[in-house]
């Protein structure tokens, strides 16, 4: 495989980055299986979605690297079919029934993955709040999961229909209307993520201000409130950036079909900021997976406390709280896979 031009090198960097996230997600899934944690959990499903998402990205990028494509397609994860070859990306490149699913299905998986994280935030904020912890199982759990499933299925069906129409030639991908619609779809998707993340991230932040739950182990060094604030802020910033970028693309497409924002370097930055950075941050944030021995033998696993003072402080916090006794099931298990 010979690399020609900086576009190929950008694609190669993306392959390495997506491949690294894929390996790490598989490694975490292996740890969950080896420690006999539940596969039907937020963490496991998140890792499964990440794995499928990364596989599709890596496969598409490798195929683009190992085939002969025109200058507008090299280094671009979304190359535009040439007018002389309406059914193929280029004479020796991918058939459209192969290319379009690899290019567009990851957008659906990305949305499902990030909304699953928001669903997790909602669950924890309800379960940790003594005033609403019973409402989650009694009222909200079914509603949230049904809504999440229906929205993502509708999104998937819409994308599949668009892929079919593109493959049979009923939609011309080079038309301005399609490009504007594609950009606005991404803008709506990421603006929705920003809004939901801001709302449920703030609710979770307020719950974690309660001294009774300040030591709930989102991370290994007892930094629950700062950690969740940093993660939420980072995700909101990168999703907001992608929203603005998509809106600018949609506006500029109307007057400038070859807008500079379509250049490979901007594509690379878009994928880096809106996909790789937030996914890496989430995987690192939830990297701690207790061993099966710790889960069976310890009330509060010691891996979540960096010093003896942390353990003693949490012990006296339990004794002082009127709502917690030594027989209370540990809130830690809300976060276990």
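Throughout, read-outs are computed from the coordinates displayed, never taken from laboratory work. Computed from a predicted model, the values in this text were never measured in an experiment. Counting neighbours? That spans all protein chains shown, and the Cβs are built from the backbone with ideal geometry, glycine included.
For a quick check: sort 148, 136 by the number of other beta carbons within 10 angstrom, fewest at the front. Mind showing how you got there, number by number?
Values: 148 16, 136 19.
Final ranking by Cβ density, sparse to dense: 148, 136.
With Kirkwood's inverse mean 1/r over C-alpha pairs for Rh, give me the Rg to Rh ratio of region 103-190, two decimals please.
Numbers: Rg = 17.4 Å, Rh = 15.1 Å.
Reported Rg/Rh (Cα atoms, Kirkwood Rh): 1.15.
When 50, 34 are ordered from fewest to most other Cβ atoms inside 10 Å of their Cβ, what list results?
Values: 50 23, 34 11.
Exposure proxy ranking, most exposed first: 34, 50.
Any idea how far the Cα center of region 23-47 sits from the one of region 95-114, in Å?
Using only Cα atoms to place each centre, the spacing works out to 23 Å.
Hey, fewest Cβ within 10 Å first, where do 127, 38 land in order?
Values: 127 20, 38 11.
Final ranking by Cβ density, sparse to dense: 38, 127.
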